[in-house]
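Report on the following structure.
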Amino acid sequence: MKVSHEVNNLALRLAKQIEATGPISISEYMRAANNEYYGSRDPIGIQGDFVTAPEISQMFGELAGLWFVDLWLRQNQPPNVSFVELGPGRGTLASDALRCMKRFELSPQVYFVESSETLRAMQQEAVPEATIHDRIDDLPEDGPLLIMANEFFDALPVRQFVATHAGWRERVVARDKGNKFMAMPGSQAVDELVPPDLRSAPAGSIFESAPECSDAMYELSSRLSAQGGVLLIIDYGYVHPGLGSTLQAVKSHKYTDPFENPGDCDLTAHVNFLEISNLAKMRGLHVFGPSEQGQWLSALGINQRAEALSAASPERAEEIMAARNRLANPEEMGSLFKVLAIAAPGWPVPEGFERTIV
């Protein structure tokens with residue numbers, strides 16, 4: 001009942017704000033809803049609203065950890081290295097990755113970027129040595145960074161612009177006659193915020209941008225350029241930007257209306273991998289991928305790891321292979337999720353990438 005009361009309070013606050021000052025942008029709505037959502041619960045797992053790859057199997061975090069180890073070794077083991085995870089969930093991925101790193105005598109300083117107090121408590125229990133910061137800006141400024149971003153960028157707010165017969169308008173959230181939240185075109189012309197080649201799109205077309213994603217990527221790219229290191233991004237998204245809304249909501253492992261019960265469901269949007277890549281290239285960084293998650297995990301040896309775990313625990317063999325299939329099979333998470341690697345100049349070419357797409 002506590003969560004329901006808090007969610008009702010958020011909906012009431014947003015309703016009062018809209019009534020007092022007018023409709024709010026999609027990005028403002030998404031930010032408020034996700035701040036409430038992540039700040040009031042543990043959303044991960046069977047009893048939550050969604051399951052992330054690290055929670056499906058230890059293999060995911062282990063292979064990510066070995067991926068970082070391989071780069072560190074081929075870079076001649078630079079000292080004073082830090083492992084950073086953005087939005088680390090329960091800390092499961094970091095715990096599995098760090099355990100593998102330690103086997104190869106890589107014991108980095110550990111930093112998390114997390115704003116949810118609920119998740120912070122779980123992360124501190126899983127990885128006691130981690131220092132947790134609110135912002136990317138607070139991360140250390142000396143030494144190479146090994147940065148992990150698994151399902152981080154998709155939760156950052158997006159702006160949406162909709163084509164009307166009077167030109168482009170920002171998409172905003174208002175209240176209908178039944179006092180329900182709804183999206184509609186705003187009143188201000190915003191044609192200059194839409195790429196020129198898309199401005200002639202028919203009425204009703206939607207264009208998305210992600211300024212907070214760009215800001216985060218700019219800061220990360222600046223740090224990698226100055227400090228050295230690599231960034232591993234795993235998320236769902238697109239390589240060739242186009243038109244259409246990718247805003248979606250998940251509740252109890254099912255899709256739901258993003259404008260119903262704000263703060264009681266997970267709001268996400270697909271990641272623009274092309275924009276992320278271009279920002280990295282502008283800082284002189286090297287971009288690899290994106291590759292499909294299943295291809296990347298297979299290249300790193302998930303099949304062999306699943307066989308080894310099954311041999312060590314025959315009673316769990318069926319469970320282990322099911323987890324492997326869920327992570328890597330194209331019809332499950334294998335093709336939906338993409339993997340992008342960004343490396344500082346002079347760092348080795350990472351494993352698991354056949355070619356650069358973007």
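Overview of values
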{"read-out": "Positions within segment 208-229 being of a type in the set (A, V, I, L, M), over 19 Å from Thr268 (Cβ atoms) and either within 16 Å of the chain's Cα centre (by Cα) or surrounded by fewer than 17 Cβ atoms within 10 Å (Cβ to Cβ) (or both), in sequence order", "value": "Leu220, Ala226"}
{"read-out": "Residues of segment 181-200 satisfying the condition of being farther than 22 Å from Gly237 by Cα, more than 26 Å from the chain's Cα centre (by Cα) and surrounded by 12 or more Cβ atoms within 10 Å (Cβ to Cβ)", "value": "Met184, Pro185, Gly186, Ala189, Val190, Asp191, Arg199"}
{"read-out": "Which numbered condition Tyr255 fails, given (1) at pLDDT 95 or above; (2) assigned to a strand (DSSP E or B); (3) hydroxyl-bearing (Ser, Thr, Tyr)", "value": "(1)"}
{"read-out": "Looking only at segment 101-129, and only at residues there that are of a type in the set (Gly, Ala, Ser) and free of Cβ contacts under 8 Å to residues at least 40 places away in the same chain, the one that is surrounded by the fewest Cβ atoms within 10 Å (Cβ to Cβ)", "value": "Ser107"}
{"read-out": "Residue within segment 303-319 that is under 22 Å from Val230 (Cα atoms) and either at pLDDT below 95 or not hydroxyl-bearing (Ser, Thr, Tyr) (or both) present", "value": "no"}
{"read-out": "Considering residues of segment 153-180 that are touching a Gly at 6+ places or on another chain (Cβ under 6 Å) and surrounded by fewer than 22 Cβ atoms within 10 Å (Cβ to Cβ) only, the residue nearest to Phe60 (Cα to Cα)", "value": "Glu170"}
{"read-out": "Those residues of segment 137-152 which are surrounded by fewer than 18 Cβ atoms within 10 Å (Cβ to Cβ) and within 20 Å of the chain's Cα centre (by Cα), in sequence order", "value": "Asp137, Asp138"}
{"read-out": "Residues of segment 73-100 that turn out to be more than 26 Å from Arg326 (Cβ to Cβ) and surrounded by fewer than 22 Cβ atoms within 10 Å (Cβ to Cβ), as a count", "value": "10"}
{"read-out": "Among the candidates Leu327, Leu300, Leu340, residue that is modelled with pLDDT of 95 or more and either of a type in the set (Phe, Trp, Tyr) or more than 17 Å from Ser57 (Cβ to Cβ) (or both)", "value": "Leu340"}
{"read-out": "Segment 264-293: number of residues that are more than 18 Å from the chain's Cα centre (by Cα) and in contact (Cβ under 8 Å) with a residue 60 or more places away in the chain", "value": "6"}
{"read-out": "Test result for Glu125, farther than 30 Å from Gly244 by Cβ and of a type outside the set (Gly, Ala, Ser)", "value": "yes"}
{"read-out": "Residue tally, condition in a helix (DSSP H, G or I) and charged (D, E, K, R), over segment 159-215", "value": "5"}
{"read-out": "Given (1) surrounded by fewer than 19 Cβ atoms within 10 Å (Cβ to Cβ); (2) touching a residue at least 40 places away in the same chain (Cβ under 8 Å); (3) closer than 30 Å to Ser298 by Cβ; (4) touching a Phe, Trp or Tyr at 6+ places or on another chain (Cβ under 8 Å), index of the condition Val51 fails", "value": "(4)"}
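The values are calculated or read from the model by the stated rules, or taken from the named source; none is laboratory data. Predicted model only: the values in this text are computed from it and were never measured. Cβ coordinates were reconstructed from backbone atoms using ideal geometry, including for glycine residues, and neighbour counts include every protein chain displayed.
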